[in-house]
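Q: Pasting a structure below so you can have a look.
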Amino acid sequence: MIKIEISEDARDFIRKKADAVTVEAMEMSGCFGAFIMPVAIEGEPAEPENYDEVMADGIKVYLSKGAVCEPEGPRIYLKGDKFIYQTLEVEGLRYEI
């Protein structure tokens, strides 16, 4: 079973909008090559069968299948200034190309 940590401010941010968070595998590419970056989005995915569902601190977390987690598990946290712009970030998780 995957253990996911959600910071307190991220948990509050998610609960204001939904009772779930989806971690997508977003492919990024440019002059120096391509890589896949995990991106956290509030809410449930359109096709939940393509995700592994994990419960963390009362929030459903949907991880795109194929995720490779660090031994201590991924961490979702909030980044940014609450007066300007805030976004969810994910660490401890990667996807292979």
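Every read-out reported here was derived from the displayed coordinates using simple, explicitly stated rules and does not represent laboratory data. Since the model is a prediction, treat every value here as computed from it, not as a measurement. Cβ coordinates were reconstructed from backbone atoms using ideal geometry, including for glycine residues, and neighbour counts include every protein chain displayed.
Q: Starting with the fewest neighbours, write out Val21, Val90, Val39 ranked by other beta-carbon atoms found within 10 Å of each beta-carbon.
A: Going from sparsest to densest Cβ surroundings: Val39, Val90, Val21.
Q: Using 0.36 nm times the number of residues separating Glu44 and Met1, minus their current alpha carbon distance, what extension gain do you get?
A: 13.5 nm is the gain from fully extending Glu44 to Met1.
Q: Looking at segment 1-31, which GluC sites (Glu not before Pro) are in a loop (DSSP not H, G, I, E or B) and have at most 10 other Cβ atoms within 10 Å?
A: Nothing satisfies the criteria.
Q: Among DSSP bridges having both ends in the chain, what percentage is antiparallel? Round to the nearest 5.
A: Beta bridges within the chain, antiparallel portion: roughly 80 percent.
Q: Could you give log10 I(q)/I(0) at q = 0.14, 0.25 Å⁻¹ for the chain, computed by the Debye formula over C-alpha point scatterers of equal weight, without solvent?
A: -0.50, -1.39
Q: I need the chymotrypsin sites (Phe, Trp or Tyr not before Pro) found in segment 3-48, filtered to DSSP loop residues with at most 11 other beta carbons within 10 Å of theirs.
A: Passing both the DSSP loop test and the Cβ count: Phe32.
Q: Another question about this same structure. So which trypsin sites (Lys or Arg not before Pro) in segment 14-97 pass both tests, a DSSP loop state and at most 13 other Cβ atoms within 10 Å of the Cβ?
A: Answer in residue order: Lys65, Lys82.
Q: Take Arg15 and Glu89, extend 7 Å from each Cα along the Cα→Cβ direction, and tell me the distance between the two endpoints in nm.
A: Computed distance between label sites Arg15 and Glu89 equals 2.3 nm.
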